[in-house]
Amino acid sequence: MYSTYLTLIVPALIAFLGALGAIFFIQSYMVEAGIVFINLNPDARRRVMLPTAGGIAVAFGFAIGTLAYVFGNSFGLYTAVASISLLFAAVLSVMLITFVGFLDELNIKAKMVHTTGMKDIRKGLKQWQKPIFTVIGAIPLVAVNAGVSMVMLPFFGAVNFGIIYPLVLLPLAIIFVANAFNLLGGFDGMITGTGLIAALGLLIYSLAFGTYSGALISAILVAAVLPLFWYHKYPVKVLPGDSFTYGYGAAFLAAAVIGSMEAFAMIVFLPWIIEFFLHLRGKFKTTDLGKPQKDGTLAPPYGKKIYSWTHIIMNIKPMREWEVSAYMWVIETIFVVLAFGLKVAGLL
């Protein structure tokens, strides 16, 4: 058991250090390269150009953390807990889809343009291009036939999807998870914080129920996200960007599939599923950001009309930006606890 935990800790530590070092590089390089984003939510004193594409640091940390396990396993340094082919597929999937997210961040205009409900300098990929490009991230996992066709679904029990699972459901899941995760990220620390909580949920589940391959990927993902969360929390210093939201979605799904915890992950991911349908009500033309007030608080952009979790939160009371993020962290924690409750009750 000690050897098994060491197998998780060493790659996770290397992932953390790799992601941290990459963030130091990104802070200066992205500004010099002009890959920046206007911080829209805070008061006027903090409306500055911020380096974006922090997801590259997470992808780098995830990759070298996973390779650290492969190296140790190849030379017999610690216990083997995961398939090498599956791990390489997970890394390639994350890197490919992170690259797609980075492409979205490169489309920067010389003047403000309309995106979702407001103006900014970053136009990004067209809405129809995003799901098409993100399917690229599914190719490595499909190629190695990741996961098992017998999936435990909440309240339905075990369902055997057969060949449909790797060829149809897995690519569709990659498209949905990556794009849905991208919907809830306009506030300092919100997307990195909720993503960190979700990954921690997968890690604890994996350790509790013996899926050590899932524990390895989850531990590496948690460690790679931690540095970015620190720099993204209020007041933000580095923005995660679409390279993070897309890449994290691929890593989260890879952990769930390889760790055989799809049903648990589905409950953990419910806040983003709900967010998808809330945005669907607004035909994906609404923003989750708030309207800055003179007292430093944020008002819901559409009054009592709800098109996002953040609109629900901002309708509770006048809040500052960090409070909106904190409420969202609590909401995600509740869903993680719910998932564990369903598991204990035998419904997952």
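Structure data summary
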quantity: Flag for M314 being modelled with pLDDT under 95 and touching a Gly at 6+ places or on another chain (Cβ under 7 Å); calculated: yes
quantity: Scan of the stretch 265-277 for residues that are more than 20 Å from T211 (Cβ to Cβ) and touching a residue at least 24 places away in the same chain (Cβ under 8 Å), ordered by number; calculated: L270, P271, W272, I273, I274, E275, F276
quantity: Pair list, Cβ < 6 Å and 6+ apart or interchain, from the stretch 253-264 residues that are in a loop (DSSP other than H, G, I, E, B) to residues that are polar (S, T, N, Q); calculated: G259/S206; G259/T211; G259/S213; S260/T211
quantity: The stretch 301-321, subset buried (at least 21 other Cβ atoms within 10 Å of the Cβ) and among the β-branched types (V, I, T), residue farthest from N182 (Cα to Cα); calculated: I313
quantity: Residue match in the stretch 194-217 (condition: within 30 Å of E32 (Cβ to Cβ), polar (S, T, N, Q), surrounded by 24 or more Cβ atoms within 10 Å (Cβ to Cβ) and touching a residue at least 12 places away in the same chain (Cβ under 8 Å)); calculated: no
quantity: Hits in the stretch 322-348 (condition: farther than 30 Å from L207 by Cα and touching a helix residue (DSSP H, G or I) at 6+ places or on another chain (Cβ under 9 Å)); calculated: E323, V324
quantity: The one condition in (1) modelled with pLDDT of 70 or more; (2) surrounded by 20 or more Cβ atoms within 10 Å (Cβ to Cβ); (3) among the small types (G, A, S) that A143 fails to fulfil; calculated: (2)
quantity: All positions within the stretch 281-300 that are surrounded by 16 or more Cβ atoms within 10 Å (Cβ to Cβ) and aliphatic (A, V, I, L, M); calculated: L289, L298
quantity: Residues of the stretch 71-90 satisfying the condition of being assigned to a helix (DSSP H, G or I) and more than 29 Å from H232 (Cβ to Cβ); calculated: F71, G72, N73, S74, I84, S85, L86
quantity: Count of residues meeting criterion [within 19 Å of the chain's Cα centre (by Cα) and farther than 14 Å from E332 by Cβ] in the stretch 267-283; calculated: 4
quantity: Residues being among the β-branched types (V, I, T) and surrounded by fewer than 20 Cβ atoms within 10 Å (Cβ to Cβ) - total across the stretch 260-280; calculated: 2
quantity: Counted residues, the stretch 179-203 - those being among the small types (G, A, S) and assigned to a loop (DSSP other than H, G, I, E, B); calculated: 3
quantity: Hits in the stretch 315-348 - residues which are outside any loop (DSSP other than H, G, I, E, B), over 23 Å from the mean Cα position of the chain (by Cα) and within 27 Å of G290 (Cβ to Cβ); calculated: M319
quantity: Condition met for F133 (over 19 Å from L280 (Cα atoms), modelled with pLDDT of 60 or more, of a type outside the set (S, T, N, Q) and crowded, with 17+ Cβ neighbours inside 10 Å); calculated: yes
quantity: Enumeration of residues in the stretch 218-252 that are among the aromatic types (F, W, Y) and either touching a Cys at 6+ places or on another chain (Cβ under 7 Å) or in contact (Cβ under 8 Å) with a residue 60 or more places away in the chain (or both); calculated: Y231, Y234, F244, Y246, Y248, F252
quantity: Qualifying residue in the stretch 66-74 (condition: modelled with pLDDT under 80 and either under 24 Å from the mean Cα position of the chain (by Cα) or crowded, with 20+ Cβ neighbours inside 10 Å (or both)); calculated: no
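Let's see how each residue does on (1) at pLDDT 95 or above; (2) over 24 Å from I35 (Cα atoms); (3) within 16 Å of the chain's Cα centre (by Cα):
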| residue | (1), (2), (3) |
| --- | --- |
| K237 | no, no, no |
| P240 | no, no, yes |
| L253 | no, yes, yes |
| T287 | no, no, no |
| Q293 | no, yes, no |
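The values are calculated or read from the model by the stated rules, or taken from the named source; none is laboratory data. Quick caveat: nothing in here was measured; it's all calculated off a predicted structure. Neighbour counts run over all protein chains shown; Cβ positions are idealised from the backbone, glycine included.
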